[in-house]
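Every number in this text was worked out from the coordinates using simple rules, so none of it is lab data. All values reported here derive from a predicted model rather than from experimental measurement. Note that each Cβ is placed from the backbone with ideal geometry, even for glycine, and that neighbours are counted across all protein chains shown.
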């Protein structure tokens, strides 16, 4: 879609809160914008209705949406000509474009992609391999950022920098689910702090966990959905018992190795 959030007009009484002053002139922003805390919810509510129409009224099945990205699958060779762009598209994609035209929702030709492998919200999706992973360059940037963070001069960063890195790493967990425990100590260090520029010192636990995440990101090639669904107890290398409590955090016990591990609640 074209411009996403900006396609939603705001109520006149709300537009008063979106006055931008440039020099001696005041300009009224009449549209939804990214700076509005409710902007995302407003857009997703609208887009959910559009997708409901597509699925239930137009019978365009198996549509998935993320903010302003809509994606699906189609059988090879099943295409439909879309006159405004002068080319063939997978049938579902062409029908969706026609729906957007019908309701007056603008879109742009460069954004209408269709290939055997798609990059969806920053992740490479390969239906043939049933794999989701990060593009190589994106993964390399994240790995380098983690390692630079751990080598900080004075071994400290502002809360804003901690939050930025934690959010970036957390986003990667869409494709690297098993690395989630690696952020436990990061969240513990940020817990209770609110000043964005306040320095927070690195400790050994955080550095070790972040190094563990970086090493595994570097060596992993993503998640294979079929393999992830086919795990069985007999395939496990190690059996763990676990429990969680709001006061004590999360703990694991390995009967075979007579070892226990505990992570405090952030």
Nearest-ten-degree value, helix 159-172 long axis tilted from longest Cα axis of the chain: 70
Label-point separation, residue 243 to residue 158 (7 Å along Cα→Cβ), nm: 4.4
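How would you rank 221, 124, going from fewest to most other Cβ atoms within 10 Å of each one's own Cβ? Don't skip to the answer; put the middle values down first.
Values: 221 14, 124 20.
Placing the least packed residue first, the sequence is 221, 124.
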Computed E for residue 137/residue 113 - FRET, C-beta separation, R0 25 angstrom, nearest 0.05: 0.85
Label-point separation in nm, residue 2 to residue 145, each point 7 Å along Cα→Cβ: 3.1
Reciprocal mean inverse distance between Cα atoms of segment 107-266 - Kirkwood radius, Å: 18.1
Taking the chain and dividing mean pair separation by its residue count, relative contact order in percent (alpha carbons under 8 Å, at least six apart): 12
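Taking neighbour counts of Cβ atoms within 10 Å as a proxy for exposure, in what order, fewest first, do 261, 75 appear?
The most exposed by this proxy come first: 75, 261.
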Cα gyration tensor shape of segment 164-249, rounded if a/c is under 1.5, else prolate or oblate by comparing a/b with b/c: prolate
Helix-only mean residue ellipticity at 222 nm for the chain, each DSSP H run of n ≥ 4 adding -39500 (n - 2.57), per residue, nearest 500: -10000 deg cm²/dmol
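Rank-order 83-89, 60-66 by packing density, defined as the average count of other C-beta atoms within 10 Å over each peptide's residues, highest first. Intermediate values should be presented prior to the final figure.
On the way: 83-89: 12.0, 60-66: 13.7.
Top to bottom by mean Cβ count within 10 Å: 60-66, 83-89.
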P(r), alpha carbons of segment 4-114 - 5 Å bins starting at zero, rounded %: 2, 10, 18, 19, 16, 11, 9, 7, 4, 2, 1, 0
Between 0 and 90°, nearest 10: helix 91-103 axis offset from the chain longest Cα axis: 60
Sites residue 218 and residue 194 - FRET efficiency at Förster radius 30 Å, r taken between beta-carbons, to 0.05: 0.35
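Using Cβ counts within 10 Å as a stand-in for footprinting exposure, how do 99, 241 rank, fewest first? Please list the in-between numbers first.
Working: 99 17, 241 10.
Final ranking by Cβ density, sparse to dense: 241, 99.
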Proportion of all alpha-carbon pairs of segment 132-176 beyond 12 Å (%): 64
Degrees separating the helix 204-219 axis from the principal Cα axis of the chain, which is the longest one: 50
